[in-house]
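Right, one structure below, let's go through it.
No lab work stands behind these numbers, since they all come straight from the coordinates. Predicted model only: the values in this text are computed from it and were never measured. Glycine gets a Cβ as well: all are built from the backbone with ideal geometry, and neighbour counts include every protein chain shown.
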Ligand code: ADP
């Protein structure tokens, strides 16, 4: 049978990627990159070989979160070697290319689709069990182009309680259907804060509608993640891989089977 993968540029001989999961959101700032990073961490700690393709071309933040933004992507003129985080997560992002002087190839075709396709076809990923793609936010032309440029096996939708979750999910569902990609589930980020004294959960944005929406579309709600200042700090400093918490353990067990 003919699969979507047949239409794409083939991967180079140095790459074998088993599963490609896109992480999408309705708008910027809801924590798409953070959730992408956390998902990668979960799988890395489970012992899998993990990669992150930062497809958020205009606001790439994966490099900073993993503390690799000053590392250089090496190129032999034809293929690129991704950088590795301290725990061995392979990362490719536009801002890693911007800082490197020896990769003029990328500048000749500064076309979005071409760049993402190159991230797929010209990066020597090696053996990867899980590749997470930090998608550009929204459901407009840019994310659509990325959708079409990569052989996604499934997507995870990141929402926040302030949003019109129903609308975002319905748009993502439509886009995924059009592209023939599975929706793995929804993650609600910034759901609550925990009182440091009494551990009570405070729902600052009121009642969440994520469960309702997940039920309506028969999608799993994979987690309701708190606002956690330790996560922000470690991510800002590039040490997300040092992050541990009870809620993260909980989330890890919920996404065990993705
Ligand atoms: P997006 O990729 O959707 O634009 P980011 O993941 O970059 O969003 O998150 C935006 C900001 O919010 C970052 O500074 C990030 O560290 C912070 N952030 C995201 N999720 C959380 C969370 N659950 N707890 C604390 N800070 C968070």
Nearest 10 degrees, 0 to 90: helix 112-121 Cα axis against the chain principal axis: 80 degrees
Extension reserve of the residue 245-residue 46 stretch, reckoned as 0.36 nm per residue once the Cα distance is removed: 70.1 nm
Virtual spin-label span in nm between residue 170 and residue 76, 7 Å along Cα→Cβ: 5.1 nm
Using a Förster distance of 25 Å, the FRET efficiency for residue 16-residue 84 (Cβ separation, nearest 0.05): 0.90
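Residue 253 to residue 203: extension gain in nm, 0.36 nm per residue of separation minus the Cα-Cα distance?
Difference between extended and current length: 15.7 nm.
Rounded, prolate or oblate for the stretch 158-204? Axes are the square roots of the Cα gyration tensor eigenvalues, ordered a ≥ b ≥ c, and the cut-off for rounded is a/c under 1.5. Before the final figure, lay out each step's value.
Working: a/c = 6.57, a/b = 2.90, b/c = 2.27.
Prolate shape, in that a/c is at least 1.5 and a/b is the bigger ratio.
If you build the convex hull over the alpha carbons only and average its shadow over all orientations, what do you get for the stretch 47-204? Give it in nm² to one decimal. All intermediate terms of the calculation are to be shown ahead of the outcome.
Values: hull surface 45.3 nm².
The orientation-averaged projected area of the Cα hull of the stretch 47-204 comes to 11.3 nm².
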Candidates 134, 228, 153: whichever shows maximal mean-square fluctuation once the chain is modelled as a Gaussian network with Cα springs under 10 Å: 228
Whole-Å distance, taken between Cα centres, linking the stretch 26-53 and the stretch 111-141: 14 Å
